[in-house]
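What follows is calculated from the coordinates using simple rules that are stated; it is not laboratory data. Fair warning: this is a prediction, and the values are worked out from it, not measured in the lab. Reconstructed Cβ throughout: ideal geometry from the backbone, glycine too, with neighbour counts over all protein chains shown.
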Amino acid sequence: MDHTSNAVTKAIVTGHTRGLGAAIVDALLLRGIDVLGLSRSRRAPVTHGARQPGAFAEIELDLSDSGALGQWLAGGGLAEFVRGAERAVLINNAGTLGPVGPSASQPPDEVGRAVALNVTAPLMLSGAFSAATANLPDRRIAHVSSGAARNPYAGWTIYCATKAALDHHARAASLDGEPGLRIVSLAPGVIDTDMQAQIRSVDDDRFPLRERFVQMKQEGQLTSPEQAAGKFVDYLLSDAFGQTPIADVRSL
Ligand SMILES: NC(=O)c1ccc[n+]([C@@H]2O[C@H](COP(=O)([O-])OP(=O)(O)OC[C@H]3O[C@@H](n4cnc5c(N)ncnc54)[C@H](OP(=O)(O)O)[C@@H]3O)[C@@H](O)[C@H]2O)c1
């Protein structure tokens, strides 16, 4: 599929209300793709849906609550959205840094919620998406990964481990050979979002590399969400997508 294609395409985007996810939604709508957003809140104000060719819908769902996600999936919400599509994509974008600092300082309930959001939800959604789109010749899953999946950082055990899990899921799933299904775990670069503000606000003793991120912001080295989303969506819709299960927006 490329973005000049006329096939009716539908996209599910998690974490669509802010940051990279919101910019991905705009990029998809601009290309005439229908979008369903899943986040805890709604995206306000939604002016783009009225102006652009794609249609936009959203569901309020806490993706760190695996029971609630399971209930929504059992209710057929995802299958209903993709009905009528000729092509479908799932972008597992919602994520959290989780508790930052050495393991002994990590509240167990926060660890549980971070793993549920960063790993359990993308894997549940991937399975349900694959089942709901089984009759489509072109269906694509993009996990939003991170450089932290591929390089360890002190203080980021939960973030590193959960993003590495997405990478390995994509590697294994790409071996299953499900007809028409392509999957890539894609690192998006360092983007100027709320998550980066959170990274800069952590104490140095919990995250020794904090100063490096402060410097990157000061030196204007962060990518805008719009730039990152444009490259992400171009790649997602290109023929190259799925040729390798692991990729990085910075080297596309
Ligand atoms: N920013 C970077 O430099 C960077 C670098 C590498 C990878 N990433 C990855 O890129 C993705 C997006 O990051 P971002 O920087 O755009 O993050 P962000 O600004 O913190 O936005 C996170 C999005 O996820 C949603 N979300 C958070 N918790 C949720 C929950 N429990 N259930 C449902 N939705 C939830 C938020 O919406 P609600 O609050 O409305 O729920 C929001 O739309 C993440 O997977 C992140 O790990 C980011």
- Message: Show me, bin by bin at 5 Å from 0, the whole-percent P(r) of the stretch 101-228 based on Cα pairs.
- Response: 2, 10, 16, 20, 18, 14, 10, 6, 4, 1, 0
- Query: For the stretch 167-208, rounded, prolate or oblate, judged on the Cα gyration tensor with a ≥ b ≥ c (square roots of eigenvalues), a/c < 1.5 rounded, else prolate if a/b > b/c?
  - Reply: prolate
- Grab the Cα-Cα distance for ALA74 and GLU110, subtract it from 0.36 nm times how many residues apart they are, and report the gain in nm with one decimal. 10.4 nm
- Note on the structure: For the stretch 124-227, listing GluC sites (Glu not before Pro) in a DSSP loop whose Cβ sees at most 16 other Cβ atoms within 10 Å gives GLU219
- Message: Please enumerate, by chain and number, the lysines with C-alpha under 21 Å from the C-alpha of LYS10, excluding those fewer than 8 residues away in the same chain.
- Response: LYS231
- In range of the label at LYS217: residues from the stretch 103-133 whose backbone nitrogen is under 19 Å from the point 7 Å along Cα→Cβ: none
- Mean Cα-pair separation over length for the chain, i.e. relative contact order, pairs under 8 Å, 6 or more apart, %: 21 percent
- Item | Over the stretch 102-176 - Rg/Rh using Cα atoms and the Kirkwood inverse-distance radius | 1.05
- Using a Gaussian network for the chain with springs between C-alpha atoms less than 10 Å apart, which of these wobbles most: SER126, SER145, SER66? SER66
- Starting from the Cα coordinates of the stretch 81-142, work out the convex hull volume and express it per residue in Å³. 80 Å³
- Item | Length gained when the stretch ASN151-HIS168 is fully extended (0.36 nm per residue, less Cα-Cα span) | 4.7 nm
- Which one of ASN93, ASN135, ASN151 has the biggest mean-square fluctuation once the chain is modelled by GNM with Cα springs under 10 Å? ASN151
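State, to one decimal in nm², a quarter of the convex hull surface area for the C-alpha atoms of the stretch 203-252, i.e. the direction-averaged projected area.
Numbers: hull surface 19.5 nm².
Result: 4.9 nm².
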- Query: So what's the Cα pair-distance distribution over the chain, bin width 10 Å, in %?
  - Reply: 7, 32, 38, 18, 4, 0
- Query: In terms of modelled amide H atoms, which long-range or inter-chain residues lie less than 5 Å from the amide H of VAL89?
  - Reply: LYS10, ALA11, ILE12, ARG140
- Message: Taking the number of other C-beta atoms within 10 Å as the exposure measure, put TYR159, TYR235 in order starting with the fewest.
- Response: TYR235, TYR159
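Divide the volume of the convex hull of the Cα atoms of the stretch 156-252 by its number of residues and quote the answer in cubic angstrom per residue.
Once divided by residue count, the hull of the stretch 156-252 is 104 Å³.
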- Note on the structure: Across VAL35, VAL115, VAL184, the residue with the highest GNM fluctuation in the chain (Cα network, 10 Å cutoff) is VAL115
